[in-house]
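Notes to accompany the following structure.
The values are calculated or read from the model by the stated rules, or taken from the named source; none is laboratory data. Because the structure is a prediction, the values reported are computed rather than measured. Cβ coordinates were reconstructed from backbone atoms using ideal geometry, including for glycine residues, and neighbour counts include every protein chain displayed. Ligands, DNA and RNA are stripped out before the accessible areas are found, and what is left, the full protein with its side chains, is counted by its heavy atoms. Shrake-Rupley method; radii C 1.70, N 1.55, O 1.52, S 1.80 Å.
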Amino acid sequence: ERSSKSVQARINSDEGLYEHLRKLRMEIANEQKVPAYIVFNNATLADMAAKKPLDMHEFLCVSGVGEQKAKAYGARFIKAIGEYIHAT
């Protein structure tokens with residue numbers, strides 16, 4: 001069940017944006033000296049790449065994003081998504 005959700009999210013996501021978000025996640029994980037999945041798991045990144053949230057309200061609608069993670073990482077991920085969209 002859980003992996004099929006992840007697969008479905010990947011199918012619906014923007015592959016280029018997904019990779020862009022993976023790089024940002026790794027950057028943040030390295031800064032904080034934590035494993036990448038602690039920042040966000042792959043299914044959350046895939047949902048983010050599919051939904052392309054551009055504000056905090058939309059960001060909170062992404063599967064796997066709660067108040068704490070939105071506060072901690074939202075601004076950086078929203079900025080990265082906006083930059084990606086404008087660059088493509």
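Comparison of Ile28, Ile11 shows that the only residue that is aliphatic (A, V, I, L, M) and at pLDDT below 95 is Ile11. The residues of the stretch 40-61 that are within 16 Å of Met26 (Cβ to Cβ), open to solvent by less than 40 Å² (accessible area, probe 1.4 Å) and touching a residue at least 24 places away in the same chain (Cβ under 8 Å), listed by number, are Phe40, Leu45, Ala46, Met48, Ala49.
Counting only residues that are open to solvent by less than 80 Å² (accessible area, probe 1.4 Å) and without any contact (Cβ under 8 Å) to a residue 24 or more places away in the chain, which one in the stretch 62-88 is farthest from His20 (Cα to Cα)?
Within the stretch 62-88, the subset open to solvent by less than 80 Å² (accessible area, probe 1.4 Å) is 62-66, 69-70, 72-75, 77-78, 80-82, 84-85.
If we keep only those that are without any contact (Cβ under 8 Å) to a residue 24 or more places away in the chain too, we end up with 62, 66, 70, 72, 74-75.
Details: Val62: 17, Gly66: 21, Ala70: 18, Ala72: 18, Gly74: 15, Ala75: 15 Å.
Out of the qualifying residues, it is Gly66.
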